[in-house]
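The values are calculated or read from the model by the stated rules, or taken from the named source; none is laboratory data. Since this is a predicted model, take the numbers as computed values, not measurements. Using ideal geometry, Cβ is built from the backbone for each residue, glycine included, and neighbour counts are taken over all protein chains shown.
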Ligand code: UD1
């Protein structure tokens, strides 16, 4: 029997850790699968892309579409045009996409129109907030996918409510947690990068912020930064900044008292917010596992902190990952400063934060389950 051609797509930073475990698993069965990797180039900086290939042990992309930044329509349209050429030449049996970024929707739409089957990793999540570009991407991708790989029970329920036939839904668990499990073992063996090691010995909070709703509007961004400054009274805040956030911060007229750190994280002081450039996957993981509190608007970090049992405050009005609040370590706090400081008081001095549990099937074996499904598929 000819090998099944599986074309996996990555584009932006959060895709890499979700797809890497599937690539490693597919590589175990070279007689059964021909595994092709396409990078759309949505993220292209060394720190936003290349470093993850190294940390996650990913093979080099077979094709790079070099799309880069632009408006939503530009980025989506360019990915579609360039991906269509690759699909037409390579004729994969299945295109695998992950998450909810523009590259996800662009490649699934392209494949579906070429009558190529689509598998969606991290399917079914819904914030029910269509002002988020990711929510549109999730809905459209799920609508046209053939294999819907879900991470948590809410995903199954959402898909059922939307009328997706049961046989298309595969509850496999969380491939991002597969990466976390594997790379935690790497850090335990080899140690973290030297720049972060000093921070591991002291109490600190870790922050990331990049959602358009939090950083694009100067009034909202000012509120976010003021919250981080206030949070630093409990412990120094390490604020790892996305390029988008960094650009927006430059446009603010208010004087920021934040301290830039390029090198080692030594001599951190209470009352200070330290600005860090984007970190490698392993360095970020090392810090996240040791943080006393995490403040974020990321989707993936809500899940990673739940797995690690680290208290997480999500500075958004909703989450598409409700399991992290129901049984995990996450709380949705918006930009409500009073609520955030009360939560930090509990985390730092109250000793009565939630007692998080690891969600079902977040066991490091989600990619194995995905590949079992692909293996059972008959053309
Ligand atoms: C994208 C995803 C978002 C995800 C985030 C993780 C969409 C709609 N959004 O948002 O869901 O949480 O990635 O990072 O797909 N830039 C660089 N270097 C890069 C990439 C981007 O400097 O390598 C800058 C550019 O100025 C760019 C801006 O960041 O215009 C935004 O990048 P873009 O890919 O449009 O969206 P993200 O905010 O990264």
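Below are the figures for this structure:
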| quantity | calculated |
| --- | --- |
| Test: residue 9 is within 15 Å of the ligand (Cβ to nearest atom), closer than 23 Å to residue 133 by Cβ and either modelled with pLDDT of 95 or more or not in a loop (DSSP other than H, G, I, E, B) (or both) | yes |
| Residue selected from region 68-83 under the condition in contact (Cβ under 8 Å) with a residue 40 or more places away in the chain and touching a helix residue (DSSP H, G or I) at 6+ places or on another chain (Cβ under 8 Å), by the criterion farthest from the ligand (Cβ to nearest atom) | 83 |
| Single unsatisfied condition, residue 161 versus (1) in contact with a helix residue (DSSP H, G or I) (Cβ under 9 Å, 6 or more places away or on another chain); (2) modelled with pLDDT of 95 or more | (1) |
| Residue count, region 26-49 (criterion: over 20 Å from the mean Cα position of the chain (by Cα) and not in a strand (DSSP E or B)) | 7 |
| Residue within region 50-58 that is in a helix (DSSP H, G or I), surrounded by 19 or more Cβ atoms within 10 Å (Cβ to Cβ) and away from the ligand (no atom under 16 Å from the Cβ) present | no |
| Filter result (within 15 Å of the ligand (Cβ to nearest atom), over 14 Å from residue 38 (Cα atoms) and over 15 Å from the mean Cα position of the chain (by Cα)) within region 106-125 | 109 |
| Enumeration of residues in region 88-112 that are surrounded by fewer than 20 Cβ atoms within 10 Å (Cβ to Cβ) and in contact (Cβ under 8 Å) with a residue 24 or more places away in the chain | 88, 90, 91, 93, 112 |
| Filter result (free of Cβ contacts under 8 Å to residues at least 60 places away in the same chain and either surrounded by fewer than 16 Cβ atoms within 10 Å (Cβ to Cβ) or under 30 Å from residue 22 (Cβ atoms) (or both)) within region 350-379 | 350, 351, 352, 355, 356, 357, 358, 372, 376, 378 |
| Selection within region 84-100 - within 26 Å of residue 279 (Cα to Cα) and more than 10 Å from the ligand (Cβ to nearest atom) | 97, 98 |
| Output for region 68-111, where each listed residue is farther than 26 Å from residue 284 by Cα and in a loop (DSSP other than H, G, I, E, B) | 70, 71, 91, 92, 93 |
| Residue that is modelled with pLDDT of 95 or more, surrounded by fewer than 18 Cβ atoms within 10 Å (Cβ to Cβ) and more than 22 Å from the chain's Cα centre (by Cα), where the choices are 223, 269, 250 | 223 |
| Residue within region 235-244 that is within 20 Å of residue 335 (Cα to Cα), assigned to a loop (DSSP other than H, G, I, E, B) and more than 16 Å from the ligand (Cβ to nearest atom) present | yes |
| Candidates 219, 169, filtered to the one that is under 26 Å from residue 135 (Cα atoms) and in contact with a strand residue (DSSP E or B) (Cβ under 7 Å, 6 or more places away or on another chain) | 169 |
| Residue match in region 183-192 (condition: touching a helix residue (DSSP H, G or I) at 6+ places or on another chain (Cβ under 7 Å), within 16 Å of the ligand (Cβ to nearest atom) and touching a residue at least 60 places away in the same chain (Cβ under 8 Å)) | no |
| Residue that is crowded, with 20+ Cβ neighbours inside 10 Å, within 20 Å of residue 178 (Cα to Cα) and touching a residue at least 60 places away in the same chain (Cβ under 8 Å), where the choices are 119, 124 | 119 |
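Residue-by-condition table, conditions (1) touching a helix residue (DSSP H, G or I) at 6+ places or on another chain (Cβ under 8 Å); (2) on the phi > 0 side of the Ramachandran plot:
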position: 52; (1), (2): yes, no
position: 55; (1), (2): yes, no
position: 59; (1), (2): yes, no
position: 85; (1), (2): no, no
position: 91; (1), (2): no, yes
position: 94; (1), (2): yes, no
position: 100; (1), (2): yes, no
position: 106; (1), (2): yes, no
position: 109; (1), (2): yes, no
